[in-house]
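The values are calculated or read from the model by the stated rules, or taken from the named source; none is laboratory data. The structure displayed is predicted, hence computed values, not measured ones. We place every Cβ from the backbone using ideal geometry, glycine too, and count neighbours over all the protein chains shown.
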Amino acid sequence: MDQDLLHQAEVKAAVRTAYEAIGSGGGEPVARRLYREEQLAGLPAGAIAWALGVGNPVLHAELRPGETVLDLGSGGGIDTILAAREVGPTGRAIGIDLLDEMVERARGHAREAGVGAWTEFRRGEMEDIPLPDGSVDVVISNGVINLSPRKSRVLAEIHRVLRPGGRLCVADLTVEEDLPAEILTSDAAWAG
Amino acid sequence: MAERVFARKMEKAGFTDVWIGEKVPYGIRDAALYPLFTPELIRLMERVIPPERRGSVAIAVIAKARKP
């Protein structure tokens, strides 16, 4: 019998359950901390309401018009939309998210933001990215990789879908000092 | 995951020019802004994390790398 010694399936299920349960993101308080005023201007209220990131990867990604950018764990679509603005209609922005309902929500936000024609959202998992090898110029993500129990697998998948010379630019959380055991064993902490 | 572990995992995946910067402390008050951190978890964090660590439970970073 296979044994999941690292409880990967359990962690993944806890993250999914927590993600399905929330009714909105961090909203304006989170968005205003992370993004510049000019980035927030013109964004649909729904995209701002669903902000769940921990940084501003688009600000650091040096995206160029015409590039193809993948947003891993796109949520309500805020970073995908910002990336789509940077790559423009000659480029392509692709968001991938775990939940069908979030994919639908992000599609609506992208249409509302006026970038729907060159933006697409797909349901998928970051450990098994539904894109061909070497098909992407830049991968961004925002507070998502730390949620995976298989981080090395995620990074290998990002490497696979990037073309040679392609870039990775992610915002995420690192922890330098062990947290107390009560937190490390909490399902809720795995999802946060 | 510690920063050095994150950097090593990126290198092991085949990335070069790994850079981690823009480091911003992420504390319990920051976590409380996110619905993924339940009120129960926030209360637990406030109970078991020493006051001197509550303002920097984690570090928000930007990580960049390139595929050769």
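So which residues in the stretch B:23-34 are at the interface with chain A (Cβ under 7 Å from one of its Cβ atoms) and closer than 30 Å to A:Val161 by Cβ?
So the first thing to find is which residues in the stretch B:23-34 are at the interface with chain A (Cβ under 7 Å from one of its Cβ atoms), and the list is B:26, B:31, B:33-34.
Scanning the stretch B:23-34 gives B:Tyr26, B:Tyr34.
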Helices (runs of 4 or more DSSP H) wholly inside the stretch A:61-163 that include at least 1 residues being of a type in the set (Ser, Thr, Tyr), at pLDDT 95 or above and under 23 Å from B:Arg8 (Cα atoms): A:151-161
Given (1) facing chain A (nearest Cβ under 9 Å); (2) surrounded by fewer than 17 Cβ atoms within 10 Å (Cβ to Cβ), index of the condition B:Glu52 fails: (1)
Identity of the residue in the stretch B:10-32, within 29 Å of A:Pro180 (Cβ to Cβ) and touching a Lys or Arg at 6+ places or on another chain (Cβ under 6 Å), that ends up surrounded by the most Cβ atoms within 10 Å (Cβ to Cβ): B:Ile28
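Does A:Val11 satisfy the condition of being touching a residue at least 60 places away in the same chain (Cβ under 8 Å), within 19 Å of A:Val154 (Cα to Cα) and within 17 Å of the chain's Cα centre (by Cα)? Walk me through how you get there before you give the answer.
Working: touching a residue at least 60 places away in the same chain (Cβ under 8 Å): yes; within 19 Å of A:Val154 (Cα to Cα): yes; within 17 Å of the chain's Cα centre (by Cα): no.
For A:Val11, the condition - touching a residue at least 60 places away in the same chain (Cβ under 8 Å), within 19 Å of A:Val154 (Cα to Cα) and within 17 Å of the chain's Cα centre (by Cα) - is not met.
What about B:Ile42, is it in contact with an Asp or Glu (Cβ under 6 Å, 6 or more places away or on another chain), more than 7 Å from chain A (Cβ to nearest Cβ) and surrounded by fewer than 21 Cβ atoms within 10 Å (Cβ to Cβ)? Let's see the steps before the verdict.
Numbers: in contact with an Asp or Glu (Cβ under 6 Å, 6 or more places away or on another chain): no; more than 7 Å from chain A (Cβ to nearest Cβ): yes; surrounded by fewer than 21 Cβ atoms within 10 Å (Cβ to Cβ): yes.
It is false that B:Ile42 is in contact with an Asp or Glu (Cβ under 6 Å, 6 or more places away or on another chain), more than 7 Å from chain A (Cβ to nearest Cβ) and surrounded by fewer than 21 Cβ atoms within 10 Å (Cβ to Cβ).
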Neighbours by Cβ (under 6 Å, 6+ apart or cross-chain): first from the stretch B:1-20, facing chain A (nearest Cβ under 7 Å); second assigned to a loop (DSSP other than H, G, I, E, B): B:Ala2/A:Glu176
Scan of the stretch A:90-146 for residues that are buried (at least 23 other Cβ atoms within 10 Å of the Cβ) and either aromatic (Phe, Trp, Tyr) or at positive phi (or both), ordered by number: A:Phe121, A:Gly143
Every pair of residues 6+ apart whose Cβ atoms lie under 6 Å, when the first sits in the stretch A:108-120 and is of a type in the set (D, E, K, R) while the second is buried (at least 16 other Cβ atoms within 10 Å of the Cβ): A:Glu112/A:Pro44; A:Glu120/A:Ile94
Those residues of the stretch A:146-170 which are closer than 14 Å to A:Leu70 by Cα and aliphatic (A, V, I, L, M), in sequence order: A:Val154, A:Leu155, A:Ile158, A:Val161, A:Leu162, A:Leu168, A:Val170
Selection count, the stretch A:24-47, where residues are closer than 15 Å to B:Asp30 by Cα and assigned to a helix (DSSP H, G or I): 8
